[in-house]
1. Is it the case that the range 31-39 has a residue that's in contact (Cβ under 8 Å) with a residue 40 or more places away in the chain, more than 14 Å from Phe104 (Cβ to Cβ), among the hydroxyl-bearing types (Ser, Thr, Tyr) and open to solvent by 90 Å² or more (accessible area, probe 1.4 Å)?
2. What pairs come up if the first residue lies in the range 80-103 and is in a strand (DSSP E or B), the second is exposed (fewer than 13 other Cβ atoms within 10 Å of the Cβ), and their beta carbons are under 9 Å apart, counting only those six or more places apart or on different chains?
3. Filter the range 53-76 for residues that are in a loop (DSSP other than H, G, I, E, B) and under 15 Å from the mean Cα position of the chain (by Cα); which is nearest to Val17 (Cα to Cα)?
4. Being among the β-branched types (Val, Ile, Thr) and either in contact with a helix residue (DSSP H, G or I) (Cβ under 7 Å, 6 or more places away or on another chain) or in contact (Cβ under 8 Å) with a residue 60 or more places away in the chain (or both) is the filter here, so list the residues in the range 40-59 that pass it.
5. Among what's in the range 62-89 and is closer than 19 Å to Val25 by Cβ and in contact with a Ser or Thr (Cβ under 6 Å, 6 or more places away or on another chain), pick the residue that is least open to solvent (accessible area, probe 1.4 Å).
Amino acid sequence: AGLSPTLAIHVYTPREVYGTVGSHVTLSCSFWSSEWISEDISITWHFQAEGSRDSISIFHYAKGQPYIDDVGTFKERMEWVGTPRRKDGSIVIHNLDYTDNGTFTCDVKNPP
């Protein structure tokens, strides 16, 4: 029985990002894949507010289109600046508020 090799995707984000209330911040997400970047690549950003147990999806990129989730406080303040074929899944959050403090997670899937 032969084992197929594991195909890896590595995602890189800064450990901490600082911003000033009222300004904007770029949440960078770069990735490396052992496979070519497929048309089915998807990128999802999640946010977990400081002190909260729950994480919410705030942004999704799929089928070549960015989708800003129309829930939560980010919907009017988020901008997609990524270029998946350049291995970039970054977003910008505008008009920062104290309530934006928390953990942002970038999840990249490159099927198959």
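The values are calculated or read from the model by the stated rules, or taken from the named source; none is laboratory data. Note that the structure is a prediction, hence the values are computed from the model and not measured. Positions of Cβ are generated from backbone atoms using ideal geometry, with glycine treated the same way; all protein chains shown enter the neighbour counts. Keep in mind that these areas ignore ligands, DNA and RNA; they rest on the heavy atoms of the full protein, side chains included. Shrake-Rupley method; radii C 1.70, N 1.55, O 1.52, S 1.80 Å.
1. No, there is no match, as no residue in the range 31-39 is in contact (Cβ under 8 Å) with a residue 40 or more places away in the chain, more than 14 Å from Phe104 (Cβ to Cβ), among the hydroxyl-bearing types (Ser, Thr, Tyr) and open to solvent by 90 Å² or more (accessible area, probe 1.4 Å).
2. Every condition considered, the pairs that remain are Gly102/Glu50; Gly102/Gly51; Gly102/Ser52; Thr103/Glu50.
3. Phe74
4. Quick first cut of the range 40-59, residues among the β-branched types (Val, Ile, Thr) only: 41, 43-44, 56, 58.
Within the range 40-59, Ile41, Ile43, Thr44 meet the criteria.
5. Here the answer is Gly82.
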